[in-house]
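The values are calculated or read from the model by the stated rules, or taken from the named source; none is laboratory data. Since we're looking at a predicted model, the values are computed, not measured. In this analysis, Cβ positions are derived from the backbone assuming ideal geometry, glycine residues included, and neighbour counts consider all displayed protein chains. To get the accessible areas, we keep the full protein, side chains included, count just its heavy atoms, and leave off ligands, DNA and RNA. Shrake-Rupley method; radii C 1.70, N 1.55, O 1.52, S 1.80 Å.
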Amino acid sequence: MSKPFIRNHQYNVIKKQAGILQHALGTVADLKILESVKYTTESKIMEMFPDAAAEQKQMLEAISALRTKEDFAKYLRELEGYLTEFPAITPKQIQKLFPKNKKLKLPDLAAIDYRYVTYLSWIDIASNKLFIVYPVNGQFVGVEGRYNPTNKKNYCFVCNRFEELALFSAITKKRPAGASPDYYKAVGNYMCAKSHDCNNNITDTTALEKFIEAVIG
């Protein structure tokens with residue numbers, strides 16, 4: 001049996017492509033168009049796994065043979081067994097990422113299904129702050145910033161889906177040469193108000209990683 005090899009955002013790509021193919025099978029009669037959709041679906045999934053082993057490729061490529069709603073549900077359910085979890089992290093490790101927050105309120109880590117987490121985040125309502133934890137090159141990094149709900153829907157910069165947003169702004173740790181002691185620069189963007197929705201939507205980590213890099217330097 002193959003070891004877990006599918007990250008959360010990759011699984012979201014598979015779900016999205018499975019939905020597209022399932023819809024086409026139920027609405028398109030032209031066989032040439034259906035074959036084109038199947039080819040595109042399989043290609044977009046496989047390009048996410050350039051280093052997949054033969055057994056893993058066979059497992060993923062099985063999407064082309066699916067026909068019914070039940071087939072798709074079973075395919076996605078079976079792939080859940082190959083999801084890699086967000087790296088294990090302890091409360092002590094999280095606290096070390098945010099040393100200035102002596103009274104840091106942590107999420108209930110035991111209640112989280114880490115298979116469906118690309119980035120870990122939580123809101124401290126008392127301080128109106130959002131905290132993000134993300135692994136970079138095998139090390140956890142922490143980003144904190146102001147969290148201001150907009151009560152409006154638009155596209156999230158992280159997952160690029162139309163959701164209810166909040167403005168997240170963090171103070172960058174980068175300092176230009178010769179900057180005064182009072183220098184600071186905020187980096188902000190609009191992201192999903194609920195990280196659960198964002199983690200359920202995200203199909204590419206590039207935007208999130210660029211934002212974190214802009215903050216931590």
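Computed quantities for the displayed model
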quantity	calculated
In the stretch 1-17, residue modelled with the lowest pLDDT [restricted to those that are open to solvent by 70 Å² or more (accessible area, probe 1.4 Å) and basic (Lys, Arg)]	Lys3
Test set (1) of a type in the set (Val, Ile, Thr); (2) at pLDDT 95 or above; (3) open to solvent by 20 Å² or more (accessible area, probe 1.4 Å) - Ile216 fails condition number	(2)
In the stretch 18-40, residue nearest to Leu76 (Cα to Cα) [restricted to those that are open to solvent by less than 30 Å² (accessible area, probe 1.4 Å) and over 20 Å from the mean Cα position of the chain (by Cα)]	Leu21
Index of the failed condition, Phe162 passing every other in (1) touching a Pro at 6+ places or on another chain (Cβ under 8 Å); (2) open to solvent by 80 Å² or more (accessible area, probe 1.4 Å); (3) among the aromatic types (Phe, Trp, Tyr)	(1)
Of all residues making up the stretch 115-142, the number that are outside any loop (DSSP other than H, G, I, E, B) and touching a Ser or Thr at 6+ places or on another chain (Cβ under 9 Å)	10
Which numbered condition Leu83 fails, given (1) closer than 28 Å to Phe211 by Cα; (2) open to solvent by 50 Å² or more (accessible area, probe 1.4 Å); (3) under 17 Å from the mean Cα position of the chain (by Cα)	(2)
Hits in the stretch 147-177 (condition: closer than 20 Å to Lys102 by Cβ and in contact (Cβ under 8 Å) with a residue 40 or more places away in the chain)	Ala170, Ile171, Lys173
Residues that are open to solvent by 40 Å² or more (accessible area, probe 1.4 Å) and not acidic (Asp, Glu), drawn from the stretch 42-58	Ser43, Lys44, Met48, Pro50, Ala53, Ala54, Lys57, Gln58
